[in-house]
C-alpha cells in the first residue's frame with residue numbers, strides 16, 4: 001500500500017504540472033510545476049531501486065533523498081528535507097494509522113518551519129500541511145474510523161488551500177508583490193494538497209478491500 005500510494009502521488013504531481021506552473025506564474029517564477037514534476041520523476045526512479053517489500057521508512061527516505069538531489073526552486077529543498085525528517089522519526093515496522101501520520105506530519109511541518117522560517121498564515125505549503133497534521137491529533141480522532149479521519153484531513157487540506165487565496169504572501173518570491181497576491185492560491189499549498197489527496201484516495205481504497 002505504501003508504494004501504491006506513493007506512485008499515485010507521483011502520477012498526480014506529473015498530471016498537474018501545467019496547472020502548478022500556471023499558479024506559480026501569477027505570483028512567482030512560473031516553474032513550480034516543472035520543479036515538482038522533476039522531483040516526482042526522480043522519486044519514481046528511486047522507488048524502482050527499492051525492494052518490493054520496502055516499508056514506509058525506506059520509501060520516505062528514498063523520496064526525500066531523490067527530491068533533495070534533483071529539485072531546485074524554494075519548494076524542492078523543503079519537500080526533500082521534510083520527507084527525510086519524516087523518515088527519521090518513523091519506526092521500521094510502523095503501522096499506517098492516525099498516530100503514525102501525526103508523527104510524520106509533525107516532523108514535516110517542524111522541518112519546513114525551521115528551514116523556511118515560515119508558519120501558518122504566510123501563504124505557503126504550511127497552510128495545508130498544518131491542518132493535515134492537526135487532523136491526525138488524538139483529540140481530533142477520538143471515536144472516528146481511519147477512513148473518516150482521512151476524510152477530515154483531506155477536507156482540512158482543501159480548506160487550507162482556499163485560505164491561501166484570502167491572504168497576502170509573506171515568504172518567497174510572492175512576498176515581493178504583497179497584497180497583489182491576494183486572490184491567488186499558493187502553488188506550494190496546491191502541490192501539497194495534490195499529493196495528499198492522491199495518498200488519501202489509495203489509503204481509503206485499501207480500507208475497503
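For this structure, a couple of remarks:
- Scanning region 173-187 for residues that are out of contact with any helix residue (DSSP H, G or I) (no Cβ under 7 Å at 6 or more places or on another chain) and more than 23 Å from residue 21 (Cα to Cα) turns up nothing.
- Residue 33 in contact with a helix residue (DSSP H, G or I) (Cβ under 6 Å, 6 or more places away or on another chain) and either under 20 Å from residue 8 (Cα atoms) or assigned to a loop (DSSP other than H, G, I, E, B) (or both): yes
- A Cβ distance below 9 Å, combined with a sequence gap of six or more or placement on separate chains, defines the contacts here; from region 48-75, residues that are touching a residue at least 12 places away in the same chain (Cβ under 8 Å) and at positive phi reach residues that are surrounded by 19 or more Cβ atoms within 10 Å (Cβ to Cβ) and part of a helix (DSSP H, G or I) in the pairs 73/24; 73/32; 73/35; 73/36.
- Which listed residue is more than 23 Å from residue 172 (Cα to Cα) and under 14 Å from the mean Cα position of the chain (by Cα), from 89, 63: 63
- Test: residue in region 184-191 that is farther than 29 Å from residue 3 by Cβ, without any contact (Cβ under 8 Å) to a residue 24 or more places away in the chain and surrounded by 15 or more Cβ atoms within 10 Å (Cβ to Cβ): no
- Filtered by the rule that a residue be more than 20 Å from residue 36 (Cα to Cα), part of a helix (DSSP H, G or I) and at pLDDT 95 or above, region 161-180 gives 162, 163.
- Pairs with Cβ under 7 Å, 6+ apart, first in region 18-45 and at positive phi, second part of a helix (DSSP H, G or I) and surrounded by 22 or more Cβ atoms within 10 Å (Cβ to Cβ): 30/24
- Inter-residue pairs, beta-carbon under 6 Å, first free of Cβ contacts under 8 Å to residues at least 40 places away in the same chain and at negative phi and in region 94-115, second surrounded by fewer than 19 Cβ atoms within 10 Å (Cβ to Cβ) and assigned to a helix (DSSP H, G or I), 6+ apart: 94/100; 103/89; 107/89
- A single member of 106, 124 is in contact with a helix residue (DSSP H, G or I) (Cβ under 6 Å, 6 or more places away or on another chain) and not in a helix (DSSP H, G or I), and it is 124.
- Taking the listed residues 170, 120, 197, the one that is under 23 Å from residue 20 (Cα atoms), surrounded by 15 or more Cβ atoms within 10 Å (Cβ to Cβ) and without any contact (Cβ under 8 Å) to a residue 12 or more places away in the chain is 120, with no other qualifying.
- Qualifying residue in region 133-155 (condition: loosely packed, with under 15 Cβ neighbours inside 10 Å, closer than 30 Å to residue 25 by Cα and under 18 Å from the mean Cα position of the chain (by Cα)): yes
The values are calculated or read from the model by the stated rules, or taken from the named source; none is laboratory data. Quick caveat, the model's predicted, so the values are computed rather than measured. Using ideal geometry, Cβ is built from the backbone for each residue, glycine included, and neighbour counts are taken over all protein chains shown.
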